[in-house]
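K.L.:
Attaching a single structure in structure tokens format; questions to follow.
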Number of protein chains: 2
Amino acid sequence: MSEAKQPFNGVIVYQRLRRAILEQALLPGTRLREDAIGEQFGVSRTIVRQALVRLESEHLVETQRNRGACVAEPTLIEAEQIFEIRHCLEAEVIRRLIERISVIGLEALDAHVDQEARVQGKDGPVSIRLAGEFHILLAELTENRILAGYVSELVTRCSLILAMYSRSHSSDCAVDEHRHIIQAVRDKDIKAALSIMDHHLGAVQGRADLSGDQKEDNLQSVLARYAEDPSA
Amino acid sequence: MSEAKQPFNGVIVYQRLRRAILEQALLPGTRLREDAIGEQFGVSRTIVRQALVRLESEHLVETQRNRGACVAEPTLIEAEQIFEIRHCLEAEVIRRLIERISVIGLEALDAHVDQEARVQGKDGPVSIRLAGEFHILLAELTENRILAGYVSELVTRCSLILAMYSRSHSSDCAVDEHRHIIQAVRDKDIKAALSIMDHHLGAVQGRADLSGDQKEDNLQSVLARYAEDPSA
DNA sequence: TACGAAAAAATCGTATACAAAAAAATTATC
DNA sequence: GATAATTTTTTTGTATACGATTTTTTCGTA
């Protein structure tokens, strides 16, 4: 298992920033200055740039020539389209899982939700990430890595969207509903599973209420927490 | 319409390389040395590197630390999974188009196929690209940019796959079948449209027959053609 | 004070330099 | 002559340097 094959530093910076975005520690619109990031991670701008290019090609950051990068701010139109495609792909996930999912897979799902339940109440970044990772785990259990990759990307983008347009960050992903999804999959009740998932994703309900930007300045303090992230 | 907003040179190099891959001018496994590419495009390795990072994050090139980049070589497993998801997404495209497609959209499709017919017989890179772009156009007509983006990515990856595993590059995408798809969409015959599309994509039929690599060396000559590509 | 122009600072875009690693070529040894 | 060890060359990974652009600040004028 030592085949670890150390990734480029650029990849590491990319992963850290990605997680910070997923956990809504970096909010949409946050300016991402190359110097500041490089300093936090102890690398040069060259490396930071690599990471930013990666993030841009995943639509998690937006770049303007000579103006640097910001955490992406999807429009409402984009947001709707992203949710639509997420719907579509997660429905495919459900269909595939019901067709064949292993006992081990179901156990993994249970374990994950248990973990979610444990941190419930505490409404921090961990809870947001776990909620997203539940959906990613579902997709991975299909064993189609392409599907899983797209779902993963979409989940992160949705986290971005919810950070922009949802007022209640807390109930974004109720643990109960995750349990219901597992149950429906276990029962091979495709109708129920799809309907729960539909309700669960339920598009973008809230409207923009964070018009006043309380973001922007805290880049340094946020990155400090992500510079030496303990858990993978 | 002068809002053109010049892209980074890195983006340009990326686009050129991407097209070369789509057109199967750069075959899977082809070594992509940074110096060579930079020289052809008249930019420094810094810029080439940006392009390679972009391509890697789209799975069109693979990178090994200290060993540089190659055009990706999807395994048969990956190939199957890619085709599966392409199936899934293109089915969604069909459903959406049948639900509502404009006359203008249908005309655009006709025009495109006419163009395909014009270069038919000549079995060169243009024909391969046009065949792929038909599917991308279909996806774009859904007006869901996310969906279109994923389809576009998948089409390119499939071109890569066919370059590896198909023996008859010619009949990869018959113009006739494209016409049938358009007709079925026009008739709003969803059954027919889906079935034609299914048959059209028909997964990976051929098996690996290009075990001997006749690639590798022609990087320079290939890139020369793509360095100053006339058509966007 | 408010506004606009000019200067200063900050930030980005790209090329280049240099160390480290890998690949290729050379030499030595059997 | 074939193989192993060593040197040379090539190529990559990263930091840094410098011009260009943008943003901020300063300063003058109404």
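The values are calculated or read from the model by the stated rules, or taken from the named source; none is laboratory data. The structure displayed is predicted, hence computed values, not measured ones. FYI the Cβ positions are ideal-geometry reconstructions off the backbone, even for glycines, and counts take in every protein chain you see. Accessible surface is based on the protein model in full, side chains and every heavy atom, while ligands, DNA and RNA are left aside. Shrake-Rupley method; radii C 1.70, N 1.55, O 1.52, S 1.80 Å.
K.L.:
Determine whether the range A:20-42 contains at least one residue that is out of contact with any Lys or Arg (no Cβ under 6 Å at 6 or more places or on another chain), within 13 Å of another protein chain (Cβ to nearest Cβ) and over 23 Å from A:Arg157 (Cβ atoms).
P.N.:
no
K.L.:
Now, a different point. For residues in the range A:53-82 being within 10 Å of chain B (Cβ to nearest Cβ), charged (D, E, K, R) and closer than 17 Å to A:Gly29 by Cα, which is nearest to DNA strand D (Cβ to nearest atom)?
P.N.:
Among residues in the range A:53-82 that are within 10 Å of chain B (Cβ to nearest Cβ), charged (D, E, K, R) and closer than 17 Å to A:Gly29 by Cα, the one nearest to DNA strand D (Cβ to nearest atom) is A:Arg65.
K.L.:
Since B:Ile85 meets every condition but one in (1) open to solvent by less than 10 Å² (accessible area, probe 1.4 Å); (2) more than 10 Å from every other protein chain (Cβ to nearest Cβ), which condition does it not meet?
P.N.:
B:Ile85 satisfies every listed condition except (2).
K.L.:
Could you list all residues from the range B:46-72 that are within 15 Å of the chain's Cα centre (by Cα) and either within 16 Å of DNA strand C (Cβ to nearest atom) or open to solvent by less than 10 Å² (accessible area, probe 1.4 Å) (or both)?
P.N.:
Of everything in the range B:46-72, those that are within 15 Å of the chain's Cα centre (by Cα) and either within 16 Å of DNA strand C (Cβ to nearest atom) or open to solvent by less than 10 Å² (accessible area, probe 1.4 Å) (or both) turn out to be B:Leu55, B:Leu60, B:Val61, B:Val71, B:Ala72.
K.L.:
Oh, and also: Can you confirm whether A:Gln6 is within 12 Å of DNA strand C (Cβ to nearest atom), at the interface with another protein chain (Cβ under 9 Å from one of its Cβ atoms) and in a loop (DSSP other than H, G, I, E, B)? Steps first, answer last, please.
P.N.:
Numbers: within 12 Å of DNA strand C (Cβ to nearest atom): yes; at the interface with another protein chain (Cβ under 9 Å from one of its Cβ atoms): yes; in a loop (DSSP other than H, G, I, E, B): yes.
It is true that A:Gln6 is within 12 Å of DNA strand C (Cβ to nearest atom), at the interface with another protein chain (Cβ under 9 Å from one of its Cβ atoms) and in a loop (DSSP other than H, G, I, E, B).
K.L.:
Restricting attention to the range A:16-45, which residues are within 12 Å of DNA strand C (Cβ to nearest atom), aliphatic (A, V, I, L, M) and over 18 Å from B:Gln50 (Cβ atoms)?
P.N.:
A:Ala36
K.L.:
Quick one: which of A:Arg157, A:Arg129 is in contact with a Lys or Arg (Cβ under 9 Å, 6 or more places away or on another chain) and closer than 22 Å to B:Glu58 by Cα? Talk me through it step by step, then tell me what you get.
P.N.:
Working: A:Arg129 fails: closer than 22 Å to B:Glu58 by Cα.
Result of the check over A:Arg157, A:Arg129: A:Arg157.
K.L.:
Let me ask something else. So how many residues does the range B:128-140 have that are crowded, with 21+ Cβ neighbours inside 10 Å and more than 11 Å from the chain's Cα centre (by Cα)?
P.N.:
Counting residues in the range B:128-140 that are crowded, with 21+ Cβ neighbours inside 10 Å and more than 11 Å from the chain's Cα centre (by Cα) gives 2.
K.L.:
Determine which single condition B:Ser102 fails, assuming it passes every other condition in (1) among the polar types (S, T, N, Q); (2) more than 9 Å from chain A (Cβ to nearest Cβ); (3) within 13 Å of DNA strand D (Cβ to nearest atom).
P.N.:
Of everything listed in (1) among the polar types (S, T, N, Q); (2) more than 9 Å from chain A (Cβ to nearest Cβ); (3) within 13 Å of DNA strand D (Cβ to nearest atom), B:Ser102 misses just condition (3).
K.L.:
Before we move on, is A:Ile94 at the interface with chain B (Cβ under 8 Å from one of its Cβ atoms) and open to solvent by less than 20 Å² (accessible area, probe 1.4 Å)?
P.N.:
On the way: at the interface with chain B (Cβ under 8 Å from one of its Cβ atoms): no; open to solvent by less than 20 Å² (accessible area, probe 1.4 Å): yes.
No; evaluated as a whole, the condition is false for this residue.
K.L.:
Oh, and also: Which residue pairs have Cβ atoms closer than 8 Å, lie 6 or more positions apart in sequence or on different chains, and pair a first residue in the range A:66-86 that is closer than 22 Å to A:Leu17 by Cβ with a second residue that is among the small types (Gly, Ala, Ser)?
P.N.:
Listed pairs, sorted by first residue: A:Cys70/A:Gly29; A:Val71/A:Gly29; A:Glu73/A:Gly29.
Residues checked against (1) within 10 Å of DNA strand D (Cβ to nearest atom); (2) surrounded by fewer than 18 Cβ atoms within 10 Å (Cβ to Cβ); (3) of a type outside the set (S, T, N, Q):
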position: B:Ile12; (1), (2), (3): no, yes, yes
position: B:Leu32; (1), (2), (3): yes, no, yes
position: B:Gln40; (1), (2), (3): no, no, no
position: B:Ser44; (1), (2), (3): yes, yes, no
position: B:Leu89; (1), (2), (3): no, no, yes
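K.L.:
Can you name the number of the only condition in (1) part of a helix (DSSP H, G or I); (2) within 16 Å of DNA strand D (Cβ to nearest atom); (3) not aromatic (Phe, Trp, Tyr) that B:Arg19 fails?
P.N.:
(2)
K.L.:
Please pick out the residue among A:Ser168, A:Ser195 that is closer than 16 Å to A:Glu90 by Cα, hydroxyl-bearing (Ser, Thr, Tyr), open to solvent by 20 Å² or more (accessible area, probe 1.4 Å) and modelled with pLDDT under 90. Don't jump to the end; show me each part of the working.
P.N.:
Numbers: A:Ser168 fails: closer than 16 Å to A:Glu90 by Cα.
Going through A:Ser168, A:Ser195 in turn, just one is closer than 16 Å to A:Glu90 by Cα, hydroxyl-bearing (Ser, Thr, Tyr), open to solvent by 20 Å² or more (accessible area, probe 1.4 Å) and modelled with pLDDT under 90: A:Ser195.
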